[in-house]
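Worksheet: the structure to be examined is printed underneath.
The values are calculated or read from the model by the stated rules, or taken from the named source; none is laboratory data. These numbers were taken from a predicted model, which means no experiment stands behind them. Using ideal geometry, Cβ is built from the backbone for each residue, glycine included, and neighbour counts are taken over all protein chains shown.
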Amino acid sequence: MTVAAQEAAKNLSEKFSGSIIHNTQLLDANQLQRLCVTLGRSHLHGTVPSPVHSLAHIPTSRTRLPRGYHLVYFTPYCFEKDLEPDGAESSQVYNQIIPPPPFTRRMWAGGSIEWFKQSLRVNHFAHETTKLARASAKQSHGDWKLRLNIEKAYYLARGENPGQIALIDRRTWIYSKPEPVVDGPVCVSESSLLPPEYKTEILDMPDGTQQLIYSPVALFRFSALIFNSHMIHYNESWTRQKEGHPGLVVHVPLIIINVLDFWRDSCRRGDRSHKGPVSTKKIDYRIMAPIYAGERFTIEILPTEERLPGNHQLWLTVTTNNYPKKEKKSRT
């Protein structure tokens, strides 16, 4: 497998060397509205009701996309015949940087997003470029895997300031060979998860933190919104029996959006002990463990003394009854 992983990394590097994939899309208001409904947000900006930003109506043209909301646009497009057995896109999909078999199981491991002066806006066209920054073989827990560093950039496509960059989204994806599950779910005890009839909860706590629990229904709706057919997000039988998870896996883009929304809402309410800017300039994140449907997790802001100079750090803390605490960190 060592040779196979190194050879696959070499082939991908050669295939996509100097290659840039281009896509242009209208950032339609309906998609934005549906995202906010999925997030349980009745108003786009802030927590105080405003007739201008009420989601009882479609967001108006030129409305700025909040930080991270670009993640529900430029969704994948391919025929069902070009999907892997787990529902993920295969290497046969046109205009996608995807390794060939046997490295077909993908994990979103981390990344960063950096924003610039220009903003993406509703009902405006945006242009996305995608390139392979690096492909490498790595060994983890005795197995060889592929590590792909993908860089996506988003530009204003038409109207005012065409060609101006709005943000750069760097992602780290790990591809591995699917392995059969012998002993069933081993990641988290099933007793840590709520029964299937629960609803999504997003609760602002008195201590300034936010607690969230996502339901299978919410994950299904988010999968549909971003045209993500990977079955770990909506097919519980597959997730448990084929991949060894105790429950449905919460999407990484959904977690990123939650973290950025928490920061944005906290700043607008004045729930912060710093004098830094409200808008986020950059977020760096690392996925250290999955979050599951029915698993309660908490978003909190580090105390001032724990922040690096010039950076305000957010910690996403996940706690369950029978599993150690897991954390993700970002800088704003």
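Residues are listed down the side, and each one gets a yes or a no for (1) within 18 Å of the chain's Cα centre (by Cα); (2) closer than 15 Å to residue 107 by Cβ; (3) surrounded by fewer than 18 Cβ atoms within 10 Å (Cβ to Cβ):
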site	(1), (2), (3)
218	yes, no, no
222	yes, no, no
226	yes, no, no
229	yes, no, no
232	yes, yes, no
239	no, yes, no
251	yes, yes, no
254	yes, no, no
260	yes, no, no
TODO: Pick out the one residue from 29, 5 that is at pLDDT below 90 and either surrounded by 15 or more Cβ atoms within 10 Å (Cβ to Cβ) or charged (D, E, K, R) (or both).
DONE: 5
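Out of curiosity, is residue 68 at pLDDT 85 or above and small (Gly, Ala, Ser)?
yes
So that you can scan it fast, the table gives a plain yes or no per residue for (1) aromatic (Phe, Trp, Tyr); (2) within 16 Å of residue 227 (Cα to Cα); (3) touching a helix residue (DSSP H, G or I) at 6+ places or on another chain (Cβ under 6 Å); (4) assigned to a loop (DSSP other than H, G, I, E, B):
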{"residue": "4", "(1), (2), (3), (4)": "no, no, no, no"}
{"residue": "7", "(1), (2), (3), (4)": "no, no, no, no"}
{"residue": "11", "(1), (2), (3), (4)": "no, no, no, no"}
{"residue": "14", "(1), (2), (3), (4)": "no, no, no, no"}
{"residue": "18", "(1), (2), (3), (4)": "no, no, no, yes"}
{"residue": "24", "(1), (2), (3), (4)": "no, no, no, no"}
{"residue": "35", "(1), (2), (3), (4)": "no, yes, yes, no"}
{"residue": "38", "(1), (2), (3), (4)": "no, yes, yes, no"}
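Yes or no, residue by residue, for (1) outside the structural domain of residue 158 (by TED's automatic domain parsing); (2) at pLDDT 85 or above; (3) of a type outside the set (Asp, Glu):
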residue: 15; (1), (2), (3): no, yes, yes
residue: 19; (1), (2), (3): no, yes, yes
residue: 37; (1), (2), (3): yes, yes, yes
residue: 43; (1), (2), (3): yes, no, yes
